[in-house]
Each structure stands twice: as C-alpha cells, then as structure tokens.
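Worksheet: one structure, shown below.
The values are calculated or read from the model by the stated rules, or taken from the named source; none is laboratory data. For clarity, every value in this text was computed on a predicted model and none was experimentally measured. As a convention, Cβ positions derive from the backbone with ideal geometry for all residues, glycine included, and neighbour counts pool all protein chains shown.
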Amino acid sequence: MTGHIPFVDSGSYPVRPGNRVRPLVDGEPAFRRICEAIAAARRSVWASITFMWPGVQMPDGRGSPLDVFDAAAARGVDVRLVFWRPHGAVDGFRTNAFWGSSEHVAQLEARRSGVSIRWDQAAEGYAQHQKCWLIDAGEPGEVAFVGGINLNPHSMVAPGHRGEGHNHDAYLELAGPAAVDVHHNLVQRWNDASERDAPGGAWGRAAAADLPFPAHVPQPRGDSVVQIQRTLARGRHGPCPATPGGRPFDAAAGERSILAQYRAAIGAARRTILIENQFLEAAAVVEDLRAALERGVEVAVVVPCDPDPDLLAISARPERAAFLASRDALGAFANFALVGLAGLTEDGRRTAVYVHDKLMLVDDAWATVGSANLHHYSLFANAEINASVADPAVVRALRCELLAEHLGEDTAPLDDRAALRRLRAVAMENRRRKDTGDPAWRGLAFALEVGTYGREPAFEGMG
C-alpha cells in the first residue's frame, strides 16, 4: 500500500517505486511524443495495437503509422507489432483494424516494409484491446506508453476539440522500474499471439522468432509509484516466467487485476473520484460508487454524450432493469455528476465529443489510465492493460489539465473537492444553456440525465 489507496496483489506485477510518469491528454500530443520516442529509438520499437487505419496521419507531417514504423526499421531498429485479428462474433470490427487482410499484406509488400508483425485473436466474442508501446526494451533509456488511444483520424486530434468527430483520450508515459512489466507483457503477447504459426498470421523477417523475457528491472527514474495491471482471459495466454518481483501468470485462472484495482481504489476514496470512460456498464463499480457517495465523496463520471448504439437497442430488456435502476440511483445524490463533452466546429456549431479515455483519479493522489472500459468485456475477458500511479503531484496536474479542457478555466487554485463541485456546477449551467439554445457555454462539459442515459439520445447538436 502507498498512501491510503491500496494497490492489488491479484495480478502478475508488483508495485514499483521510482518511476517518471507523464500524462498525455488527447491523441495529437500523445502521438507526437510517441513519434519523438520512436525517432530516438536505438534498439527496438514494440507495440500492441487494437485499431489502426493505414491512412491516418501522425502529427507534424510524419506520415502514416507505417511510415513512422518503416523509418525506424530502416535505421536497423527492431520494430515488432501485435495487431488484433477480430473473428467470429466480433469480425465486424475488422473495418477499423489492420487485421492482415490480403489488402493489408499487399500494402506491406508494396512498401517493402521492414516491420515484423504477429496477428492475434482473442477469446470468442472478445478483443485484443491492449494499447501499449515500448521503446528500447531493456536499454537504459527504455520508455513505455500505456493508454487507450487508437490510430485513427478521430483520435488524432488536439486538446480543446475544435472540430467534428473528435475522440477525447489519454496515455501515460512511463520510465523506470515499471517499464519492465510493460516489457514483460509485450513479450508474453508476442510469444503467445494466436496466429503466429497460422498461414497469413505473421509478417516480416523477425516474425518467426520469439522474444526472451526481461532479465533485470530498470533503474529508478522518478518519484511515482506504479503498478501495471491487466485483464487476460482464462486459458488464452500460456504460463511464462515471472517478471522480477512478480508472480507467474496463472493460465487457468486468467487475470482480473484491473477490476480488483478499481474496486479497491473506489472503496478507499475519502474525498473525490473523477472517472472518464467510454462505458459505465459494470454493476460492481456502480455499487462501489454508490457506497462512496453515501460516505460523502464527490464523484463525477465523464462519458460519451450517447453510449454505444447497441446499448440503446437493449435498454428495454428486462435483464437490464436491475442494473439501470442501480445506476439511475446515483443521480439522487447531490455529490454526483454524470457529464458529457461537446466542442465547437470551425463554423461555430456545438457537436458531441466522444469520450474514449479510460481513467480514474482518486483524492488528487492516485490514478489509473489504460485500455480497460468499465464493462464486462474489458473487466473479465478482453486483453487489457492499465497503469496505476500513486503520486499527488502527477495526479493533481492531470486533474488540472483535464478540467482546464472541460471547463475552459484553471482549477489549480482549487482543491480536488472544490474542483469537482465546479465541474458539476458548470456542467449543469451548460446543460441549461443547451436546453434553451444559448451557445454561450463555458468549456465543453454539460450535465447528462442519469435516468435517461443509455435509453434515449442525449445530444443531437445545436447551432
């Protein structure tokens, strides 16, 4: 335990002090920094990628992701990528994935790509959803990135969300001892990729070679305490050596340390909880939030203005009634806010910003950022990775950066409780302005109706 927010002992990786942590909010700043790290790489660039549109453009005129990868490979850098290959019930996601189709392979061949790729399926009906990057694995300058941002034009956007079709998202940059666990995870994912021996399941000169697990823990690089946590499906990822200081992955039981961490952190909250997530569909998390509200904790949850259309379609099913009733009950608390984001287009129209990040801040002292949504898939069977951080300086700075975007004002003079109360007040006032057609909003945040969320559209734009 560090401070009053406990870490967990149910995962593969230990708690590691001595890290440098840098939050990266929204896709353009995040991928600008990732591209800088790739350009400086001396030995390796490894990544686990869920969705990639080949034509998406990286910041600052660097070209497509494949342009960036191939430029590194041309310098002799070992570039290895694990891409999700959707199949079965989820093969509709292939539209947005670089899943190894004949067209994708032809593209690699035409550019004589120097990258090495393994494609990976997930358990039936689930996703290979990890989004993590590792530069110069095992070297003194090793740096990792863990978060939720996909490689698509909707995500490659600047903070403030001036434009149409924007996603709001986040990454953490990590340097120091915790990077060994991202290293270990990527080796495990590469070595166990389901399609590695299947026809068309791999590409590149190094695609046939497995990787060794890390042999040492990096030297301290900063003051943050970090634990890497995961969701991995039972039986999908075979046993492997323990990372130094950790425990072997239990292939029979899988790993659910992200869910365990959410519940532990919410249960320990004393002052504030700020969640930003694409979904609020986890019954256990909703129950824990209610208990926190009953203790007097200020809680704000930032979500998409309108959830996944599939959720709208099933909102009337009897089996959802109990869950929706429990979530609706959060709206009875004066210390709770459900918040959406809406930015301005270039011609002055107000338009929804899709909340895609997966993060939680507790008491201005602890945070988790990663790929896991608050729904059954991410918490029980997708492949997911989060980094949890105990460091008041980092967490407070992240809170101020997020709320500066959402509110259009600086909350640095405020403590965490006053800042969340300010978020709630501005969101409620912007909701009133939205309902009356007044375009003079402050920032992006507006209040959502808890009792109708997921049952009817919340935002259809305004002039």
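Within segment 30-54, how many residues are part of a loop (DSSP other than H, G, I, E, B) and in contact (Cβ under 8 Å) with a residue 60 or more places away in the chain? If you could, list the steps in order and put the result at the bottom.
Kept after step one, since they are part of a loop (DSSP other than H, G, I, E, B), are these residues of segment 30-54: 41-43, 50-51, 53-54.
Filter once more, so that each one left must be in contact (Cβ under 8 Å) with a residue 60 or more places away in the chain: 41-43, 50-51, 53.
Summing the residues that are part of a loop (DSSP other than H, G, I, E, B) and in contact (Cβ under 8 Å) with a residue 60 or more places away in the chain in segment 30-54 gives 6.
For the residues Pro392, Pro439, the requirement of being surrounded by fewer than 20 Cβ atoms within 10 Å (Cβ to Cβ), under 22 Å from the mean Cα position of the chain (by Cα) and either in the same structural domain as Gln128 (by TED's automatic domain parsing) or not hydroxyl-bearing (Ser, Thr, Tyr) (or both) singles out Pro392.
Going by the conditions given, is Leu324 buried (at least 17 other Cβ atoms within 10 Å of the Cβ), modelled with pLDDT under 95 and either outside any loop (DSSP other than H, G, I, E, B) or not assigned by TED's automatic domain parsing to the domain that holds Val226 (or both)?
On the way: buried (at least 17 other Cβ atoms within 10 Å of the Cβ): yes; modelled with pLDDT under 95: yes; either outside any loop (DSSP other than H, G, I, E, B) or not assigned by TED's automatic domain parsing to the domain that holds Val226 (or both): yes.
Yes: the conditions hold for Leu324.
Take the conditions (1) at pLDDT below 95; (2) outside any loop (DSSP other than H, G, I, E, B); Asp306 misses just one of them, which is (2).
All of Ala300, Ala383 fail the test of being crowded, with 21+ Cβ neighbours inside 10 Å and within 26 Å of Ala393 (Cα to Cα), apart from Ala300. For beta carbons closer than 7 Å, sequence separation of 6+ or different chains, a first residue in segment 92-108 that is under 16 Å from Gly201 (Cβ atoms) and a second that is at pLDDT below 95, the qualifying pairs are Phe98/Pro54. Ala352 falls short on exactly one of the conditions (1) within 30 Å of Gly11 (Cβ to Cβ); (2) in contact (Cβ under 8 Å) with a residue 60 or more places away in the chain; (3) more than 18 Å from the chain's Cα centre (by Cα); (4) crowded, with 19+ Cβ neighbours inside 10 Å, and that condition is (1).
Every residue, every condition in (1) touching an Asp or Glu at 6+ places or on another chain (Cβ under 7 Å); (2) buried (at least 16 other Cβ atoms within 10 Å of the Cβ); (3) not aliphatic (A, V, I, L, M), yes or no:
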position	(1), (2), (3)
Val56	no, yes, no
Ala73	no, yes, no
His104	no, yes, yes
Gln107	no, no, yes
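Out of Arg32, Arg80, one residue alone is at pLDDT 95 or above and either in contact with a Leu (Cβ under 6 Å, 6 or more places away or on another chain) or within 30 Å of Gly343 (Cα to Cα) (or both). It is Arg32.
Given the criteria modelled with pLDDT of 95 or more, in the same structural domain as Glu276 (by TED's automatic domain parsing) and part of a loop (DSSP other than H, G, I, E, B), does Ala334 qualify? Yes, satisfied.
Each row is one residue, and each column tells you yes or no for (1) closer than 30 Å to Phe380 by Cβ; (2) of a type outside the set (Gly, Ala, Ser).
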position	(1), (2)
Ala74	no, no
Asn96	yes, yes
Ser113	no, no
Ala123	yes, no
Asp169	yes, yes
His183	yes, yes
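Inclusion of Val182 among residues that are outside any helix (DSSP H, G or I), in contact with a Cys (Cβ under 6 Å, 6 or more places away or on another chain), crowded, with 24+ Cβ neighbours inside 10 Å and not assigned by TED's automatic domain parsing to the domain that holds Val355 is not warranted.
Determine whether segment 153-166 contains at least one residue that is under 24 Å from Asn191 (Cα atoms) and either of a type in the set (Phe, Trp, Tyr) or part of a loop (DSSP other than H, G, I, E, B) (or both). Step through it out loud before you land on a result.
Of all residues in segment 153-166, those under 24 Å from Asn191 (Cα atoms) come to none.
Looking for residues that are under 24 Å from Asn191 (Cα atoms) and either of a type in the set (Phe, Trp, Tyr) or part of a loop (DSSP other than H, G, I, E, B) (or both), one finds none in segment 153-166, hence no.
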